[in-house]
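A.B. asks: For reference, the structure I am asking about is given below.
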There are 2 protein chains.
Amino acid sequence: MFDLTKCSKKELTQEYENQKKKYREYLALGISINMARGRPSPEQLDLSDDLLNLNKNDIELKDASGADCRNYGVLNGTLRSRELFGDMLGVSAENVITCGSSSLNLMFDYISQCCTHGTLGNDPWFYNKNRKFIAIVPGYDRHFAIAEYFGLEMISVPMTPSGPDMDVIEEVIKDPDVKGMFCVPKYSNPDGVTYSAETVERIASMKPAAPDFRVIWDEAYLVHDLYEEGDFLANIFDAAKKYGTEENFIAFASTSKITFAGAGLSAVAAADRNIKEIMDRLALQTICYDKINQARHTAIYKNMDDIRAQMKKHAILLRPKFDTVLGVLHSELDGSGIASFNSPRGGYFISLNVNVGSAKYAGKLCADCGLTLTGVGATYPYGIDPTDSNIRIAPSCPSVEELEMASKILCSAVKIAACEELLGIKN
Amino acid sequence: MFDLTKCSKKELTQEYENQKKKYREYLALGISINMARGRPSPEQLDLSDDLLNLNKNDIELKDASGADCRNYGVLNGTLRSRELFGDMLGVSAENVITCGSSSLNLMFDYISQCCTHGTLGNDPWFYNKNRKFIAIVPGYDRHFAIAEYFGLEMISVPMTPSGPDMDVIEEVIKDPDVKGMFCVPKYSNPDGVTYSAETVERIASMKPAAPDFRVIWDEAYLVHDLYEEGDFLANIFDAAKKYGTEENFIAFASTSKITFAGAGLSAVAAADRNIKEIMDRLALQTICYDKINQARHTAIYKNMDDIRAQMKKHAILLRPKFDTVLGVLHSELDGSGIASFNSPRGGYFISLNVNVGSAKYAGKLCADCGLTLTGVGATYPYGIDPTDSNIRIAPSCPSVEELEMASKILCSAVKIAACEELLGIKN
């Protein structure tokens, strides 16, 4: 397509009219498509239905400790589940706690713990009225919501193709009020960026001014490759050991997008003293997590080979969806001068950057057509995208046909917004 | 048995020697029996094994809202599970949130929420350096541990046979720093007391000075009757409606001692505005709870009749255990003048009160024999029983034979402790 920013006013007006005509046709279709959240599709959920068909004899009712999984006890999770997450995260089972269905809950709780009780002998974060947290942008709205809830002022640091801008971070962490940051180091949400080995090394080597600086290392898409050859992510704990900074890192993972989004397992991994501190609090919170669900999972997914085989099945379902969206974006927007987007090799999102100041308007045009996108702005702290340009696309749940249609509507909306801006039409 | 407090020194010395001889025999047996916690026995867990043998077609994969239980969503829990807990707790399903496996976690989170963010527009409890909480004693150690963790100074109020001493409570709540109290209103832990209708009415009518006073109404043993005719507990929300105090009450329940202790469901029930406030926080904490486990439970336990039938089976297993312990306590301690105990009609505990200043020593004598009791003192705030007299007995897990032996050891220990005190022997 021709570059809208370089064409004549006549050409632009022509294109604007074309797109408005298309848009009216879309409007008339009365569609209802949701691309708001990274939800697995029903077909992806079907991949784990074996979990629904186990019987008593199929699962190990007794943990390695001898405890009956049906009863109280084994607060840190069954050994088998800790071994599985340990292999996934590249740490020993002793440094893993397997929990309930939500890793978000574990992150929330960890931040809560640091706020009210501090970590490893340091003052509670709440004692510091100027407490701050680094938000890599664009990023995951639920991370930002936790920071906001606990009054951590967010400092935005831009994402680059190799991970967060480390030059900026290395400056920001000189401030002892800066208490940590959220990272999605593999197939980041929404950019699909995997941190380069150099970035991981620089993160591992950080010596923040705050002695209680904590990196929430959210391995949400650790094994979620779309292609045969996945991105490589260096092991943060191995890297940190070289610098004696292991205690700065708390890693999280879950099977939400491996097995059932709503009924999987979550886990936290950390250095010895952090694990002990988390366990001390967990002992007050609960008597144990659901070990039966842990045993169900490890009855079917015994090791990383089983996990990888499962992820290949997910990829077969997800790839055509990403390809469909990317195909439309390429054909409609390449060379248009009004938008750019990533082509992720894994994860759940495509990040579309449109003309400054036009994302919200494009989102509204889509919504009016019955196409729900992630709330525009949600990928930034406080829900405010300072340049109003980022749109997150979640292609996992709709069908390929719906995605084809949705992507066309989105491109049309983006072009209408761009034309109006270039033509000086007030929307 | 004769009254030790009234017998001659010679008789006392004789009894002391008798008991020491018995005790040495117990010591030689090398037993290992644990009566520390209210854990269901393996046979009780077997009662719910149907939960392990369901398959996909047995459960309702779709919630009433149309949501797939395997996926994200339905943060407040499946409608069926909320209806079940609503029936159990005597409230509408709209006033229930069904969650994960631990109601303790929900209580912890609720207190945490009040501490860091306040409730219904009131200041966070943390803003009040003198924040206090009522601890009904003896009580549940895990409740006290939560209050201690959040720096709520505990004010002990004694339990009576009809519930907490309301005369004391009505005085204590005149202090606006007193922010609430923990109650186990049916078959209280450890006394097995069910609050009388009059006590419930007085609790409902309370107008505490603190506008954000909250009663943590822990219905841990709501349906856990040992006998055909269970104790009656009045509905706190119905009572509170008469006084306009519904918002003072947050009720909790779980199926931990109905189905699997480690893999059941939990629920919170409260007035509309409280439910909304809890949901607003939950939305930051997690995307949803395990709805598959909720669907599994309601596939088998469809209504209160199913729950009651299940509890009758538990009672058949538990009753002989309680009867065994109580039988030994009666035959060994009745008329001795050195101990008293309750005969609960439900719940999980027998509360034994021994001579002032001798519980810890008796507990130590038991421990030396291989008999583990709940840490003596644990039933009081900060683990300190001011009169060192309460011993909590949890008869659910050991076998009847073990309980017979354990109870004899315990009685012997109690008598040795009493004799030494009466004889002026320093232990």
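A.B. asks: Output, in nm with one decimal and in ascending order, the distances from the B:ARG319 label point to the matching label points of the other copies (7 Å from Cα along Cα-to-Cβ).
C.D. replies: 6.4
A.B. asks: Through the Karplus equation 6.51 cos²θ - 1.76 cosθ + 1.60, θ set to phi - 60°, convert the phi angles of the stretch A:238-255 into ³J(HN,Hα) values in whole Hz; use x for Gly and Pro.
C.D. replies: 4, 5, 5, 4, 4, 10, x, 10, 3, 6, 7, 10, 10, 9, 10, 8, 7, 9
A.B. asks: Here's another thing I want to ask about it. Among residues other than A:PHE133 whose Cβ falls under 9 Å from its Cβ, what is the net charge (Lys/Arg +1, Asp/Glu -1)?
C.D. replies: Combined, the nearby Lys, Arg, Asp and Glu give +2.
A.B. asks: Additional query: Label A:LYS241 and B:ASN130 with points 7 Å out from Cα along Cα→Cβ: what is the distance between them in nm?
C.D. replies: According to this spin-label approximation, the distance is 5.4 nm.
A.B. asks: Then there's this: Along the Cα→Cβ direction, 7 angstrom out, place labels at A:LYS364 and A:SER399. What is the inter-label distance in nm?
C.D. replies: My value for the distance between the label points is 3.3 nm.
A.B. asks: Rounded, prolate or oblate for the stretch A:209-323? Axes are the square roots of the Cα gyration tensor eigenvalues, ordered a ≥ b ≥ c, and the cut-off for rounded is a/c under 1.5.
C.D. replies: The shape class here is oblate.
A.B. asks: If you restrict to DSSP beta bridges whose two residues both lie in chain B, what percentage is antiparallel, to the nearest 5?
C.D. replies: 50
A.B. asks: Can I ask one more? At a Förster radius of 60 Å, what calculated FRET efficiency corresponds to the Cβ-Cβ distance of A:ALA209 and B:ASP334, to the nearest 0.05?
C.D. replies: For R0 = 60 Å, the calculated efficiency reads 0.30.
A.B. asks: Along the three principal axes, how long is the protein assembly as shown when you take its alpha carbons, biggest first, rounded to the nearest angstrom?
C.D. replies: Over the protein assembly as shown, Cα extents along the principal axes are 117, 61, 53 Å.
A.B. asks: Dipole of the stretch A:1-97 (Lys/Arg Cβ +1, Asp/Glu Cβ -1, origin at the Cα centre): which of A:LEU27, A:GLY86, A:ASN76 lies farthest to the positive side?
C.D. replies: It is A:LEU27, whose Cα lies furthest towards the positive end.
A.B. asks: How far is the Cα center of the stretch B:361-423 from the Cα center of the stretch A:332-395, in Å?
C.D. replies: Cα centroid of the stretch B:361-423 versus Cα centroid of the stretch A:332-395: 66 Å apart.
A.B. asks: Okay, next question. Residues of the stretch B:1-153: accessible area per residue at 1.4 Å, in Å²?
C.D. replies: 42
A.B. asks: Based on the Cβ-Cβ distance of B:GLU171 and A:ALA309, what FRET efficiency does E = 1/(1 + (r/R0)^6) give at R0 = 56 Å, to the nearest 0.05?
C.D. replies: With a Förster radius of 56 Å, E is 0.25.
A.B. asks: Could you state the orientation-averaged shadow area of the convex hull built on the Cα atoms of the stretch B:82-241, in nm² to one decimal?
C.D. replies: 9.4
A.B. asks: I would also like to ask the following. In whole Å, what three semi-axes, largest first, describe the equivalent ellipsoid of chain B built from its Cα gyration tensor (square root of 5 times each eigenvalue)?
C.D. replies: Working through the eigenvalues yields semi-axes of 40, 27, 17 Å.
A.B. asks: With a 1.4 Å probe and all protein chains left in place, how much of the accessible area of the protein assembly as shown comes from carbon and sulfur atoms, in whole percent?
C.D. replies: Carbon with sulfur: 51 percent of the solvent-accessible area.
A.B. asks: Grab the other residues whose beta carbon is less than 9 angstrom from that of B:ALA378, score K and R as +1, D and E as -1, and report the net.
C.D. replies: Taking every Cβ under 9 Å from that of B:ALA378, the sum is -1.
A.B. asks: Then there's this: Based solely on its DSSP helices, what 222 nm [θ] is calculated for the protein assembly as shown when runs of n ≥ 4 H residues each add -39,500 (n - 2.57) and the sum is averaged over all residues, nearest 500 deg cm²/dmol?
C.D. replies: When only DSSP H runs of four or more count, the value is -13000 deg cm²/dmol.
A.B. asks: For the rotation taking B to A, I'd like to know which residue in chain B has the C-beta closest to the axis, plus that distance in Å.
C.D. replies: Value returned for chain B: B:GLY100, 3.
A.B. asks: Which of A:SER331, A:ILE316, A:ALA299 sits closest to the plus end of the dipole of the stretch A:276-397, meaning its Cα is farthest towards the positive end, when Lys and Arg get +1 and Asp and Glu get -1 on the C-beta?
C.D. replies: A:ALA299
A.B. asks: Oh, and also: Explain nothing, just the number: dipole magnitude of chain B about its Cα centre with +1 on each Lys and Arg Cβ and -1 on each Asp and Glu Cβ, in debye rounded to the nearest 20.
C.D. replies: About 700 debye.
A.B. asks: Place the label 7 angstrom along Cα→C-beta at A:GLY90 and in each other copy, then list the distances from the first to the rest in nm, shortest first.
C.D. replies: Result for A:GLY90, in nm, nearest copy first: 5.7.
A.B. asks: Of the lysine pairs in the stretch B:271-380, how many meet both conditions: Cα atoms under 24 Å apart, and a spacing of 8 or more in sequence or different chains?
C.D. replies: 7
A.B. asks: How do A:327-338, B:241-252 rank on mean C-beta neighbours within 10 Å, highest first?
C.D. replies: So the peptides A:327-338, B:241-252, ranked by packing, come out B:241-252, A:327-338.
A.B. asks: Relative to the longest principal axis of the C-alpha atoms of chain B, give the angle of the C-alpha long axis of helix B:79-89, reported between 0 and 90° and rounded to the nearest 10°.
C.D. replies: Here the helix axis deviates by roughly 40 degrees.
A.B. asks: What does the charge count around A:ASP46 come to, taking other residues whose C-beta lies under 12 Å from its C-beta (Lys +1, Arg +1, Asp -1, Glu -1)?
C.D. replies: Net charge around A:ASP46: -1.
A.B. asks: Here is a follow-up. So for each of A:162-175, A:99-112, B:180-193 I average, over its residues, the number of other beta carbons within 10 Å; can you give me the resulting order with the highest mean first?
C.D. replies: B:180-193, A:99-112, A:162-175
A.B. asks: For the stretch B:67-175, what is the largest minus smallest coordinate of the Cα atoms on each principal axis, given in angstrom and ordered from greatest to least?
C.D. replies: 49, 36, 25
A.B. asks: Using only atoms on other chains, find how many Cβ atoms lie within 10 Å of each Cβ of peptide A:279-291 and report the average.
C.D. replies: 6
A.B. asks: Nearest 10 degrees, 0 to 90: what angle lies between the long axis of helix A:291-300 and the longest principal axis of chain A (Cα atoms)?
C.D. replies: 70
A.B. asks: Provide a list, ordered by number, of residues in the stretch B:58-85 showing at least 50 Å² less accessible area with every protein chain present than when their chain is taken on its own, using a 1.4 Å probe.
C.D. replies: Listed by number, the residues meeting the 50 Å² cut-off are B:ARG70, B:ASN71, B:TYR72.
A.B. asks: A further question on this structure: Any idea of the total accessible area buried by the B-A contact, 1.4 Å probe, rounded to 100 Å²?
C.D. replies: Heavy-atom accessible area buried at this interface is about 4700 Å².
A.B. asks: Out of every Cα-Cα pair in the stretch B:114-165, what percent are more than 12 Å apart?
C.D. replies: 67
A.B. asks: On average, how many beta carbons from a partner chain sit within 10 Å of the beta carbon of a residue in A:48-57?
C.D. replies: Averaged over the peptide's residues, the number is 4.
A.B. asks: Average partner chain C-beta neighbours within 10 Å, per residue of B:95-101?
C.D. replies: 3
A.B. asks: What whole-number value in Å² describes the accessible area per residue of the stretch B:317-427 for a 1.4 Å probe?
C.D. replies: I get 34 Å² per residue for the stretch B:317-427.
A.B. asks: Another question about this same structure. Cα axis of helix B:359-369 to longest principal axis of chain B: angle in degrees, 0 to 90, nearest 10?
C.D. replies: 80
A.B. asks: Further question: Calculated FRET efficiency, A:THR387 and B:LYS302, Cβ-Cβ r, R0 41 Å, to nearest 0.05?
C.D. replies: For R0 = 41 Å, the calculated efficiency reads 0.15.
A.B. asks: Next up: Defining the label point at 7 Å along Cα→Cβ, can you sort the distances from B:ASP368 to the same site in each other copy, shortest first, in nm?
C.D. replies: Going from nearest to farthest copy, the values are 8.6 nm.
A.B. asks: Which whole-Hz couplings ³J(HN,Hα) result when phi for each residue of the stretch B:226-233 is put into the Karplus expression 6.51 cos²θ - 1.76 cosθ + 1.60, θ = phi - 60°, listed in order with x for Gly and Pro?
C.D. replies: Listing the rounded values in order: 8, 10, 3, 9, x, 5, 9, 10 Hz.
A.B. asks: Taking the stretch B:333-381 as the region of interest, what is the percent of Cα-Cα pairs per 10 angstrom bin, listed from the shortest bin to the one with the maximum distance?
C.D. replies: 21, 51, 28, 0
A.B. asks: Please work out the C-alpha center-to-center distance from the stretch B:38-52 to the stretch A:245-302 and express it in whole Å.
C.D. replies: First find each Cα centre; the distance between them is then 24 Å.
A.B. asks: Is the C-alpha gyration tensor of the stretch B:2-142 telling us rounded, prolate or oblate? Criteria: a/c under 1.5 is rounded; beyond that, a/b larger than b/c is prolate, otherwise oblate.
C.D. replies: Judged from the Cα gyration tensor, the stretch B:2-142 comes out oblate (a/c at least 1.5, b/c at or above a/b).
A.B. asks: Which percent, nearest 5, of DSSP beta bridges in the protein assembly as shown are antiparallel?
C.D. replies: Among the beta bridges of the protein assembly as shown, antiparallel pairing accounts for roughly 50 percent.
The values are calculated or read from the model by the stated rules, or taken from the named source; none is laboratory data. Since the model is a prediction, treat every value here as computed from it, not as a measurement. Note that each Cβ is placed from the backbone with ideal geometry, even for glycine, and that neighbours are counted across all protein chains shown. When the accessible area is computed, the model is the full protein with side chains, heavy atoms only, and any ligands, DNA or RNA have been set aside. Shrake-Rupley method; radii C 1.70, N 1.55, O 1.52, S 1.80 Å.
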